[in-house]
1. Scan the range 210-245 for residues that are surrounded by 12 or more Cβ atoms within 10 Å (Cβ to Cβ), in a loop (DSSP other than H, G, I, E, B) and modelled with pLDDT of 95 or more and jot them down.
2. All but one of (1) within 27 Å of residue 195 (Cβ to Cβ); (2) exposed (fewer than 14 other Cβ atoms within 10 Å of the Cβ); (3) at pLDDT below 95 hold for residue 279, so report the exception by its number.
3. Select from the range 326-351 the residues that are in contact (Cβ under 8 Å) with a residue 60 or more places away in the chain and part of a strand (DSSP E or B) and write down the one among them that is farthest from residue 189 (Cα to Cα).
4. Quick check on residue 88: is it within 26 Å of residue 171 (Cβ to Cβ), surrounded by fewer than 17 Cβ atoms within 10 Å (Cβ to Cβ) and either in contact with a strand residue (DSSP E or B) (Cβ under 7 Å, 6 or more places away or on another chain) or not assigned by TED's automatic domain parsing to the domain that holds residue 43 (or both)?
5. Is there a residue in the range 4-19 that is within 20 Å of residue 135 (Cβ to Cβ) and free of Cβ contacts under 8 Å to residues at least 12 places away in the same chain?
6. So, residue 137, is that one closer than 27 Å to residue 303 by Cα and in contact with a helix residue (DSSP H, G or I) (Cβ under 7 Å, 6 or more places away or on another chain) or not?
7. Tell me whether the range 151-159 contains one or more residues that are surrounded by fewer than 18 Cβ atoms within 10 Å (Cβ to Cβ) and touching a helix residue (DSSP H, G or I) at 6+ places or on another chain (Cβ under 8 Å).
8. Against the condition modelled with pLDDT of 95 or more, surrounded by fewer than 16 Cβ atoms within 10 Å (Cβ to Cβ) and more than 19 Å from residue 213 (Cα to Cα), how does residue 292 come out, does it pass?
């Protein structure tokens, strides 16, 4: 590993007004007072990268040009001047949390333990420079050491694809072992969610449109009696078997899954909304009121979630479904995600 980074690097960038990623040479960043410079090892690709490229009406912090990529793992090469007592050292492999928050006591979000929706802190790859580059800077508060036994590819996708699922299930949905859960979608987040719920010990009923994904669930030990056959109505499946669903985890978010969720959940149950393939869905007020349902939305995760997730991966309780490619492959991988030809998550490896 070179002690001195190069002066410039190539990276995938978003230019406002251009819906296609731009392969561009820019200067290697210098870490600020409390930032860490890392040499990237792996960067995860997410479906939301497509939205970041194509939706121009974004929030105020979005820059005219920025480096994409919000899932990352790298090796520390330099500390900012105010970092003097960190337990981390040069050469450590670390996972990078894209939105650790500003941490200020006066921040409306960070002061309420909502760092992932803080608007003041840096948003790596989400309107501001991220991880589809050879080098990146992240505030020290967003750095988590990667345990032994966890690959850079696994650590990269853990920062979002696993952490988002963990935060939704444990912190927002508070899923318990005694519950019966219905899970819509075994994609990049949903398959990780299945493993998290399985590790809790709750019974989980699964619905997906790909037989390959259902077969992966079977390999985890999910019995056929808890798998909705492709083409079978989830509402009919639950009704025929008289299953009482305590919590629905919707990692899809289409009109159909949201509709089904409200009908299949039991009285007093919870609907946990994470997927948003359809950006507007209908809440049936009569159903929600009469069944006294809780509609819960979840977004992202937090640094403490990432630490717990990495430990679970190291122990083998979770194994992210991840394949690898090269940084140059980003446009092709993103097209595959949009076309539904990619199973699980893809991490782009850096030279």
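1. 222, 228, 230, 232, 233, 243, 244
2. The number of the failed condition is (1).
3. Filtering the range 326-351 for residues that are in contact (Cβ under 8 Å) with a residue 60 or more places away in the chain and part of a strand (DSSP E or B), the one farthest from residue 189 (Cα to Cα) comes out as 349.
4. yes
5. Checked the range 4-19: at least one residue is within 20 Å of residue 135 (Cβ to Cβ) and free of Cβ contacts under 8 Å to residues at least 12 places away in the same chain.
6. Answer is no for this residue.
7. The answer is no; no qualifying residue exists.
8. Yes; evaluated as a whole, the condition is true for this residue.
The values are calculated or read from the model by the stated rules, or taken from the named source; none is laboratory data. These figures come from a predicted structure and were not determined experimentally. Virtual Cβ from ideal backbone geometry, glycine too; neighbours counted across all protein chains shown.
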